[in-house]
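**Student:** Structure below; questions to follow.
The values are calculated or read from the model by the stated rules, or taken from the named source; none is laboratory data. These numbers were taken from a predicted model, which means no experiment stands behind them. Positions of Cβ are generated from backbone atoms using ideal geometry, with glycine treated the same way; all protein chains shown enter the neighbour counts.
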Amino acid sequence: MTTNNLDLASLAQQALSGGTVPEGLPDTAELTRLANQFFREVPNAGEAIDTVPVSAATSQPFNNVPVGFDSRPGIDDTAISALVQRSFAVPGTTDLQTALSTPMGHAPQPAASGGSSFYFINEVSALARAAQIPGLGSAHPPFDVHAVRKDFPILQERVNGYPLAWLDNAATTQKPQVVIDRISEFYQHENSNIHRAAHELAARATDAYEGARNIVARFINASSAEEVVFVRGATEAINLVAKSWGKQNIGAGDEIVISWLEHHANIVPWQQLCAETGAVLRVIPVDDNGQVILAEYQKLLNAKTKLVSFTQVSNALGTVTPAQEMIELAHRAGAKVLLDGAQSVSHLKVDVQALDCDWLAFSGHKIFGPTGIGVLYGKAEVLEATQPWQGGGNMIEDVTFENTVYQPAPAKFEAGTGNIADAVGLGAALEYVSKLGIDNIARYEHELLVYAMHALQAIPGLRLIGTAPDKTSVVSFVMDGHSTQDIGKALNEVGIAVRSGHHCAQPILRRFGLESTVRPSLAFYNTYEEIDRLSATLKRLQCTSRRF
């Protein structure tokens, strides 16, 4: 068995035996993992390889290696070719759709295409499955996951004697050293209240805080920094809209539309508003793959619809909704749109001007920033027409006992002393992500997602929940004979952190007849080795007596 330029199988065997790998190829650990997969899946591969010498060293990267095996008795060349293609190419939408089961017999309903708001899965054709991903354009260096991991001190932690595998990124992300250092620098050299006093530290603190606001505006492509309001997180951002704009503009008989995919934070505030005003809450159904049904959504829109509020990415399933199309349909009906970007901004490019959403909410801690800080973007004219929901210092222009004059947006929505240091930390996090390049991140995470879906789907008795063709880095599942809590505990015993529970999204889980799932969720610092550890632990668990 030979290839035109590279004997992959022999290199794999060399890696398994502890040999060195020629410069320019994936490292030995990566080849070892590939070799194990190779010998599992290709019949008689070991016998065939024993008779073939290792090809001459080459620095040609794997994504450029032609795959074309010569016929040889006792080995299935088609199987080898298919394995290599699957190992070194990332499927596009069609391939992922084919790879995923359709659990209830319904054909997937893909999201509308053509907009930058849609998940990058539609834009990926072929990608080398190596640790380093080529940079897209000169603005960003190649994405090297092993180098990136060194930026995150907590990833060096050990849990129960095992290296930490942080697969709970949909709950919160870990923080790079630059964010930790920036917050420390603020407290050491800039700490002061902002917009007040004539002293130097007040000026430094104000510059840092407003500088962070400008970074946020650039990151989401807001037309002005004045459209960026700092809040505690996505939950507070949604509540701000409900309790300010909502109370001003929604009354009895009006309708608010949300989807089955929502986090509780995008359900409860609207329920409260409906209870106070007499408005009606409508819910967009989803199909059996976990994607919103656009035809049913269109039926819900009418002259009574005042607001549509939905998630761009489901925190429980990873579904990427057709946000741009949904926003356009809502605007045609005369409704405003709030987009929950808590799970999207760290995985895909979010351009508020291209999306044309009226509001965007997201949390800093889910995009490698500090806890306790988040963002509400609002169109300038919408913010200007909205009354503040809290009163206090910092948001006023003049106060008498007869009347108060408020500052213009965004200040009028930031009453009291804000979370200045963590706003600055959020700015550092967004700069870090921008330096890596969201396109580089997207490509790598997509590849990792496809690998994880394949690995988990191959485990007997494991059922994936949420198999929409447009999907980001969340893998939700249940496994026969084991409670989700037991699975979470078993994974923790070997240092793997996942979330087990309802993920503050009970309605969508109940849509699938479940009260809880196990939810590994990925970020750009996760690796194939961590997915292998996850898969191996779940396979071992299936062989134990841990039962309900």
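**Student:** Of the conditions (1) surrounded by fewer than 19 Cβ atoms within 10 Å (Cβ to Cβ); (2) part of a loop (DSSP other than H, G, I, E, B); (3) modelled with pLDDT of 95 or more, ARG547 fails just one. Which one is it?
**Tutor:** Answer for ARG547: the failing condition is (3).
**Student:** Just need a number here: residues in the range 214-231 that are in a helix (DSSP H, G or I), crowded, with 17+ Cβ neighbours inside 10 Å and of a type in the set (A, V, I, L, M, F, W, C).
**Tutor:** Summing the residues that are in a helix (DSSP H, G or I), crowded, with 17+ Cβ neighbours inside 10 Å and of a type in the set (A, V, I, L, M, F, W, C) in the range 214-231 gives 5.
**Student:** Among the residues of the range 197-213, write down those that are in contact (Cβ under 8 Å) with a residue 60 or more places away in the chain and either over 23 Å from the mean Cα position of the chain (by Cα) or surrounded by fewer than 14 Cβ atoms within 10 Å (Cβ to Cβ) (or both).
**Tutor:** Hits for the range 197-213 are ALA205, ALA208, TYR209, GLY211.
**Student:** Would you list the strands (runs of 3 or more DSSP E) that sit entirely within the range 442-502 and hold 2 or more residues that are more than 15 Å from LEU317 (Cα to Cα)?
**Tutor:** In the range 442-502, there are no strands (runs of 3 or more DSSP E) which contain 2 or more residues that are more than 15 Å from LEU317 (Cα to Cα).
**Student:** Now a separate question. Suppose we filter the range 148-179 for residues that are over 20 Å from the mean Cα position of the chain (by Cα), free of Cβ contacts under 8 Å to residues at least 40 places away in the same chain and in a helix (DSSP H, G or I); how many remain?
**Tutor:** Within the range 148-179, residues that are over 20 Å from the mean Cα position of the chain (by Cα), free of Cβ contacts under 8 Å to residues at least 40 places away in the same chain and in a helix (DSSP H, G or I) number 3.
**Student:** Let me ask another. In contact with a Ser or Thr (Cβ under 9 Å, 6 or more places away or on another chain), modelled with pLDDT of 95 or more and buried (at least 22 other Cβ atoms within 10 Å of the Cβ): does that describe GLY427?
**Tutor:** When the stated conditions are applied, GLY427 does not pass them.
**Student:** So, in the range 353-388, of the ones that are in a helix (DSSP H, G or I) and within 17 Å of the chain's Cα centre (by Cα), which residue ends up surrounded by the most Cβ atoms within 10 Å (Cβ to Cβ)?
**Tutor:** Looking at residues that are in a helix (DSSP H, G or I) and within 17 Å of the chain's Cα centre (by Cα), I get GLY364.
**Student:** Okay, moving on. Output yes when any residue across the range 232-245 is assigned to a loop (DSSP other than H, G, I, E, B), of a type outside the set (Val, Ile, Thr) and assigned by TED's automatic domain parsing to the domain that holds VAL352, and no when none is.
**Tutor:** yes
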